[in-house]
1. Could you list, in sequence order, all residues of region 66-95 that are among the hydrophobic types (A, V, I, L, M, F, W, C) and farther than 20 Å from D52 by Cα?
2. Evaluate region 215-226: report whether one residue or more is on the phi < 0 side of the Ramachandran plot and small (G, A, S).
3. Going by the conditions given, is A112 within 15 Å of R187 (Cα to Cα), among the aliphatic types (A, V, I, L, M) and modelled with pLDDT of 95 or more?
4. Taking interchain pairs and intrachain pairs at least six residues apart, which have beta carbon atoms under 7 angstrom, with the first residue in region 129-158 and closer than 26 Å to P113 by Cα and the second open to solvent by 70 Å² or more (accessible area, probe 1.4 Å) and outside any loop (DSSP other than H, G, I, E, B)?
5. Looking only at strands (runs of 3 or more DSSP E) that lie completely in region 191-304, which have at least 3 residues being among the hydroxyl-bearing types (S, T, Y)?
6. List the residue pairs whose Cβ atoms are under 7 Å apart, where the first residue sits in region 63-79 and is touching a residue at least 60 places away in the same chain (Cβ under 8 Å) and surrounded by 14 or more Cβ atoms within 10 Å (Cβ to Cβ), the second is assigned to a loop (DSSP other than H, G, I, E, B) and acidic (D, E), and the two are 6 or more positions apart or on different chains.
7. Quick one: what pairs do we get from region 258-281, first residue at pLDDT 95 or above, second open to solvent by less than 60 Å² (accessible area, probe 1.4 Å) and among the β-branched types (V, I, T), C-beta under 7 Å, 6+ apart or different chains?
8. Out of all the residues in region 207-224, which are in contact with a strand residue (DSSP E or B) (Cβ under 8 Å, 6 or more places away or on another chain) and either hydroxyl-bearing (S, T, Y) or open to solvent by 30 Å² or more (accessible area, probe 1.4 Å) (or both)?
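The values are calculated or read from the model by the stated rules, or taken from the named source; none is laboratory data. Quick caveat: nothing in here was measured; it's all calculated off a predicted structure. Here the Cβ positions follow ideal geometry from the backbone for every residue, glycine too, while neighbour counts run over all protein chains shown. Calculation scope for accessible area: heavy atoms of the full protein, side chains included, ligands and nucleic acids excluded. Shrake-Rupley method; radii C 1.70, N 1.55, O 1.52, S 1.80 Å.
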Amino acid sequence: MSLNTVFNPQWFYSSLITMKRVLQLKRWPRLLLVSGGLFAAGLSFSAMSSSDQVSANDQLLAAVKSDFRTPSNVARDVYRHPFETLVFFGVKPTDTVVELWPGGGWYAEILAPYLNKKGQYIGAIFDSHPSDAAKQKGYRATSAKKFKIWLKNSKTQTSQAEVVTFDPPTHYSLGPNNSADVVLTFRNLHNWAVKDYLLPVFQSAFKVLKPGGTFGVVEHRGKEGMLATSGYMEQDEVIALAKKVGFTLVASSEVNANLTDTKDYPHGVWSLPPSLKGGDKNKQAYLDIGESDRMTLKFIKPNR
């Protein structure tokens with residue numbers, strides 16, 4: 001195998017940009033190398049020509065920089081690094097991408113337009129019409145309805161986007177088996193772990209992915225022994241669970257790391273921005289810390 005087969009110069013260039021941003025934020029990058037992980041973020045691009053790689057990243061950068069995005073969402077790029085994160089996961093404009101629990105659409109504002117011409121974005125959202133009458137006006141149903149309305153009102157940018165109801169423990173299917181190129185989840189694992197849903201959620205991601213497909217995970221990274229109720233998760237436990245389901249960890253990036261996050265706050269991760277659950281108490285100190293320290297893990301469903 002030649003070096004050109006596995007090394008992606010465009011990914012390497014974007015990694016240098018990532019390092020510059022991390023250094024500016026005093027977040028020293030520590031790239032975990034596993035199974036040739038230094039090259040792993042570029043593997044999904046290996047079948048593309050160099051010009052296609054550049055074009056894909058240009059399109060992604062255009063989506064990140066687009067006026068279509070909400071200004072308050074753009075303001076958080078300094079913490080969430082969407083361009084670097086999606087390049088690391090190897091998301092291509094021709095992919096079918098399932099995002100688990102997109103919430104208010106922070107990443108959907110980027111992914112849906114980016115995938116709209118040749119790929120497809122699928123938002124795995126809450127049940128918008130639960131059978132339980134008491135839940136029909138609750139947070140989950142309301143959030144799902146808002147997301148559907150946003151898609152409907154944004155058709156020029158999201159015409160190919162779809163939604164699937166993904167609401168454990170009643171709705172676990174993400175679509176037909178072996179139908180997605182990428183499944184992504186951002187800061188959701190603790191919600192499922194608290195309810196003991198995490199294993200079946202990972203199993204659902206595994207089922208919907210094509211062989212060779214990517215499972216990209218970003219989550220608040222906790223210390224050993226921390227409970228999921230804090231909003232933080234232990235990275236080693238997340239990796240172990242993914243491997244149990246059948247995934248292979250190919251790389252871990254520190255692009256979303258924050259070494260100033262001490263993870264010992266009265267309201268858990270929600271003490272930090274953007275939640276600032278403590279109100280004005282110690283607000284400036286939490287703002288100085290910034291958003292949480294996060295693991296960024298790239299798993300692959302093996303070809304079998």
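1. Initially, region 66-95 is screened for residues among the hydrophobic types (A, V, I, L, M, F, W, C), giving 68, 74-75, 78, 83, 86-89, 91.
The answer is F68, V74, A75, V78.
2. Looking through region 215-226, at least one residue is on the phi < 0 side of the Ramachandran plot and small (G, A, S).
3. Against the criterion (within 15 Å of R187 (Cα to Cα), among the aliphatic types (A, V, I, L, M) and modelled with pLDDT of 95 or more), A112 does not qualify.
4. A141/K135
5. 248-253
6. Y79/E291
7. Matching pairs, first to second residue: T260/I289; D261/I289; L272/I289.
8. Kept after step one, since they are in contact with a strand residue (DSSP E or B) (Cβ under 8 Å, 6 or more places away or on another chain), are these residues of region 207-224: 208-210, 212-222.
Scanning region 207-224 gives K210, G212, T214.
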